[in-house]
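One structure is given below, encoded as structure tokens.
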Amino acid sequence: MEYLGIDIGGSGIKGAIVDVSSGQLLSERLRVVTPTPATPQAVAGKVADLVRQLNWRGKIGCGFPAVISHGVAQTAANIDVSWIGTDVAALLGEASGCPCVVLNDADAAGLAEMRFGCGRGRTGNVLLVTLGTGIGSALFHNGNLYPNVELGHLRLKSGIAERYTSAAVRVNEALGWKPWSKRLNNFFVQVERLLSPELIIVGGGVSRKYERFFPYLETQAELLPAELRNRAGIIGAACRAAEQQS
Ligand code: BGC
């Protein structure tokens, strides 16, 4: 079965047609730049462009960087505040002319890693953490997702975790791998205290360079770099479209 998966992020909107039984991409992976300001209308227009370019006419699954409840955005940490209260599923559905289901972006990436990536067949408590502009998180117990877990918003030092130790913070503050890892360790200590994961999967663009910082991390849990890289969000969103009524 084929579905279109879309991953909306702070810098890019990515999409591809996905075979949800194998997790393989059946089209090229398209990327358009996220408009600034990233208002609901502007983003919906870009999503509609992407759907047209891929000549897609079926159901769409879309990962979105906010708490999503029944298709509606409840938060807006790294996106335009006008998204709060917006029915993202309805808006994107109208703009594209295709039925659309929406879920949190990290939850989408986690679903894909659990099904087709390094979380395959793993039971117990598994946590995926994405390190990007913000910090995304997806929590699984015996393969079942507990949605909208916002660990990037845990209180850490004088602010929240994602303003202290996201991948963007490492770049913006020109932190070396070791001092950045020290911050990550502070984050993981809190996370492990709360959730006792057996496996932590680390995703986001920086996970490609895991050899640079994994040696400094001191988690109790096993630590693995995400396997599906920048396809995870697309694949997981398409899987959700296959499973959820819109
Ligand atoms: C948002 C999350 C999102 C994460 C990664 C955070 O700022 O609150 O919902 O998953 O960024 O995009």
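Can you find a residue that is more than 30 Å from A161 (Cα to Cα), of a type in the set (S, T, N, Q), open to solvent by 60 Å² or more (accessible area, probe 1.4 Å) and in a loop (DSSP other than H, G, I, E, B) anywhere in the stretch 76-90?
no
Within the stretch 6-47, how many residues are within 16 Å of the chain's Cα centre (by Cα) and closer than 16 Å to L91 by Cα?
So the answer is 4.
Any residue at all in the stretch 177-185 that's out of contact with any Pro (no Cβ under 9 Å at 6 or more places or on another chain), open to solvent by less than 30 Å² (accessible area, probe 1.4 Å) and within 17 Å of D105 (Cα to Cα)?
No; the residues of the stretch 177-185 include none that is out of contact with any Pro (no Cβ under 9 Å at 6 or more places or on another chain), open to solvent by less than 30 Å² (accessible area, probe 1.4 Å) and within 17 Å of D105 (Cα to Cα).
Based on what the data block shows, is S27 out of contact with any strand residue (DSSP E or B) (no Cβ under 7 Å at 6 or more places or on another chain) and surrounded by fewer than 20 Cβ atoms within 10 Å (Cβ to Cβ)?
Working: out of contact with any strand residue (DSSP E or B) (no Cβ under 7 Å at 6 or more places or on another chain): no; surrounded by fewer than 20 Cβ atoms within 10 Å (Cβ to Cβ): yes.
So S27 does not fit the description; no.
Please find, among P99, P65, P37, the residue that is more than 16 Å from the ligand (Cβ to nearest atom) and touching an Asp or Glu at 6+ places or on another chain (Cβ under 6 Å).
P37
Condition first: open to solvent by less than 40 Å² (accessible area, probe 1.4 Å) and within 12 Å of the ligand (Cβ to nearest atom). Now tell me which residues in the stretch 140-153 satisfy that.
Answer for the stretch 140-153, where residues must be open to solvent by less than 40 Å² (accessible area, probe 1.4 Å) and within 12 Å of the ligand (Cβ to nearest atom): V149, L151, G152.
Select the strands (runs of 3 or more DSSP E) contained entirely in the stretch 93-174, then report the ones holding at least 2 residues which are in the same structural domain as N185 (by TED's automatic domain parsing).
Filter on the stretch 93-174 gives 125-131, 135-141, 144-146.
Considering only residues of the stretch 125-139 that are over 11 Å from P65 (Cβ atoms) and of a type in the set (S, T, N, Q), which is farthest from the ligand (Cβ to nearest atom)?
N125
The values are calculated or read from the model by the stated rules, or taken from the named source; none is laboratory data. Everything quoted here is computed from the prediction, not taken from an experiment. In this analysis, Cβ positions are derived from the backbone assuming ideal geometry, glycine residues included, and neighbour counts consider all displayed protein chains. With ligands, DNA and RNA removed, areas are computed over all heavy atoms of the protein, side chains included. Shrake-Rupley method; radii C 1.70, N 1.55, O 1.52, S 1.80 Å.
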